[in-house]
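Student: Pasting a structure below so you can have a look.
The numbers here are math on the coordinates, done by the rules we state, and not lab data. Just so you know, these numbers come straight off a predicted model, no measurement behind them. Here the Cβ positions follow ideal geometry from the backbone for every residue, glycine too, while neighbour counts run over all protein chains shown.
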Amino acid sequence: MTSSDRTNRWAGLTLDRPRVMGILNVTPDSFSDGGSRIGAQAAISAGFAMAEAGADIIDVGGESTRPGADVVSAEAEQARILPVIRALAAANILVSVDTRNAATMRAALAAGARIINDISGLAHDPGSLPMVAEHGCPVVLMHMRGTPGTMSAEANYQDVVSEVRAELANRVDAALAAGILSDRIVIDPGLGFAKHAEHSLAVLRGLPDLLDLGYPVLIGLSRKSFIGTVSEEPRAGQRLGGSLAAGLFAVLRGASILRVHDVRETVQALRVWRTLFE
C-alpha cells in the first residue's frame with residue numbers, strides 16, 4: 001500500500017479535507033475544561049452540540065493526562081465514559097475513546113466507540129496492541145515520553161523533530177508487528193507531552209518530516225501551554241485565537257485532523273481557509 005493510499009481514508013472519513021475531532025473530557029481535573037462535563041448527561045449534551053457544530057469525531061476521555069494528574073483506575077474511567085459513548089454512538093456519531101488502558105478500550109468499543117486514541121502509542125498497557133489488532137479498529141498513536149506524572153522531566157532533546165519522528169516510527173513498527181493494519185493508523189506528535197514550548201513549536205514547523213512516515217497526522221494543540229507562552233495568555237480558556245492560528249498553520253504543514261475544544265470556531269475557520277484556496 002502506498003503512502004497516498006494510506007492518507008486518503010481513515011475510520012470511514014475521507015481525508016481530502018481537514019477533519020475536526022472534538023474533545024469531550026468527562027473528568028474533574030483536565031487542564032482546560034475539567035469539571036465542566038463531569039456528569040454523564042452534561043457530557044452527552046456537549047457531545048451532541050459538538051456534532052451539531054460540525055465535529056467529524058467526538059473524542060471521549062475519562063482520565064486527565066495533564067502534567068501531575070492523578071492516576072484513575074480503569075473502573076472509574078469506564079464509569080465516567082461508557083454512558084456517554086453509548087448515547088453518542090446510538091445517534092451514529094463517530095466516537096473515539098481517549099484511553100491508555102486495554103480494558104477500557106475493549107469496553108468502549110463494545111459500547112460503540114470506533115477509534116482508539118492512546119497517548120502512550122499503545123505502550124502503556126501490554127494488552128493494548130493485541131486488543132487493537134484483534135478488533136481491527138482505527139487507532140491514533142501519540143508520541144510521549146514517560147507518564148503524565150514524569151513527562152516534564154523527559155523533555156530533553158538534541159533534535160526534537162528527528163527524535164519524535166524516530167520514536168513514532170518505533171510505535172508504528174510495534175503496531176504493525178502486532179497485526180494492526182497500516183491503513184488503520186494515524187500518528188500524533190503529542191504537542192505538550194514531554195515537550196516544552198520550544199519543542200512543540202519546532203515539531204509544528206517540522207510536520208513535513210513526520211508526514212514522510214507515510215501516515216495521516218493528527219494534531220492536538222487546542223488551548224495548550226505553548227500557545228499561552230507565545231501569546232502571553234495564562235488562562236487556558238482564553239487561547240482561542242492562538243489555537244486557531246496554530247491549527248491553520250498545522251493544516252498548511254499537512255495535518256489531516258485537528259483535535260480541539262472549540263469545534264464551531266475551528267470548523268468556521270477551516271471553511272473560510274479552504275474557500276480562500278479554491
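Student: How large is the convex hull of the C-alpha atoms of segment 31-162 per residue, in Å³?
Tutor: 126 Å³
Student: Would you be so kind as to identify which of 245, 152, 90 lies farthest towards the positive end of the dipole of the chain, taking Lys and Arg as +1 and Asp and Glu as -1 on Cβ and the Cα centre as origin?
Tutor: 90
Student: Let me ask something else. How would 262, 212, 125 line up from fewest to most surrounding beta-carbon atoms within 10 angstrom?
Tutor: Ascending Cβ contact count within 10 Å gives the list 212, 125, 262.
Student: Give me 135, 143 sorted ascending by neighbouring Cβ count inside 10 Å, so fewest comes first.
Tutor: 135, 143
Student: Could I ask something else about it? Name the long-range amide H neighbours of residue 143: under 5 Å, sequence gap of 5 or more, or other chain; modelled H, no Pro or chain starts.
Tutor: Under 5 Å from the amide H of residue 143: 188, 190.
Student: If you find the alpha carbon centre of segment 57-105 and of segment 185-248, how far apart are they in angstrom?
Tutor: 22 Å
Student: Taking only the alpha carbons of the chain, what extent do you get along each of the three principal axes, in Å, biggest first?
Tutor: Extents along the principal axes: 42, 42, 39 Å.
Student: For segment 214-278, take every pair of Cα atoms, bin their distances at 5 Å starting from 0, and report each bin as a whole percent.
Tutor: 4, 18, 29, 24, 16, 7, 2, 0
Student: In what sequence do 227, 44 fall when counting other Cβ within 10 Å, fewest first?
Tutor: 44, 227
Student: So what is the relative contact order of the chain, in percent, for Cα pairs below 8 Å that sit 6 or more residues apart?
Tutor: 19 percent
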